[in-house]
Amino acid sequence: MQAIKTLSKTFAAAAVLTGASLTASQALADEYVIDTKGAHAAINFKIKHLGYSWLTGRFNTFSGDFSYDPADVAASKISVTIDTTSIDSNHAERDKHLRGGDFLEVSKYPEAKFVSKSITDIDDDGEEFDVVGDLTLHGVTKEITIEVEKVGEGKDPWGGYRVGFEGETTIMLKDFGIDYDLGPASRSVELELHVEGIKQ
């Protein structure tokens, strides 16, 4: 009986220490807000036009935040919300079409969102990693992987601290319920992300 009590106390102590360790690890991840106010971030896209060239564009309005610990990338996380009505391909009539029922249906789905689920350091130095998370677009949520590279970090001229990343991924339009036929060369969209965060 005494042995059982001792073993129980040992397990309890281990659980407390593990919980404390996890809490400390999470506390080390600094919090950042994406600097959209200063226009130091961008969400761009491109899709092939007839297989002959690229149509490029961007979303002008979005917001988000992330946590980041260079010593423990797995403890990091990111959340981004996109105003789909802000799509901009530098062509007013085309943008009207993209906002309509054939594509984004912004009247019904005015926002898209990405929330990370896991982050894996693929080069063991915190410079390149895969961010796996859920992208909700056009009312559909799918898991995607974004290949991310750290651009740099350090103090800014205004007394703050910043860190920046770039990432890219490819999504299939049909996966998000967009089945407008643009031809076989135009069924996927490449997303290019540039994120600069200000430490809070």
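Summary of computed values
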item	result
Residue-level accessible surface for D35, protein heavy atoms, 1.4 Å, Å²	10
Lysine pairs within the range 44-200, Cα separation less than 15 Å, 8 or more sequence positions apart or different chains	9
Candidates per trypsin sites (Lys or Arg not before Pro) in the range 99-131, loop by DSSP, up to 11 other Cβ within 10 Å	K108
Chymotrypsin sites (Phe, Trp or Tyr not before Pro), loop per DSSP, at most 14 other Cβ atoms within 10 Å - longest free stretch of the chain	53-157
(1) 19.0; (2) 16.6; (3) 20.2, with the label sought being that of the calculated Kirkwood radius over Cα pairs in Å	(1)
For peptides 140-150, 187-197, sequence by mean Cβ density within 10 Å, most packed first	187-197, 140-150
3J(HN,Hα) from dihedral phi, the range 176-181, Karplus parametrisation 6.51/-1.76/1.60, rounded to Hz, x for glycine, proline	10, x, 9, 10, 5, 7
Point-to-point label distance, E111-T170, nm (Cα→Cβ direction, 7 Å offset)	3.1
Accessible area of D130 in the full protein assembly, 1.4 Å probe (Å², nearest 10)	40
Label-to-label distance, nm, for residues given as D88 and N44 (7 Å Cα→Cβ offset)	1.4
HN-Hα J in Hz across the range 110-127 - Karplus 6.51, -1.76, 1.60, θ = phi - 60°, x for Gly and Pro	x, 10, 10, 8, 10, 10, 6, 10, 7, 10, 10, 6, 8, 10, 6, 10, x, 9
Cα centroid separation, the range 127-200 to the range 52-66 (Å)	9
Residue among S186, S79, S116 with the largest mean-square fluctuation in a Gaussian network model of the chain, springs linking Cα atoms under 10 Å	S186
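The values are calculated or read from the model by the stated rules, or taken from the named source; none is laboratory data. Since we're looking at a predicted model, the values are computed, not measured. For neighbour counting, all protein chains shown are included, and Cβ atoms are generated from backbone atoms with ideal geometry for every residue, glycine included. Protein only, heavy atoms only, side chains kept; ligands, DNA and RNA dropped before computing areas. Shrake-Rupley method; radii C 1.70, N 1.55, O 1.52, S 1.80 Å.
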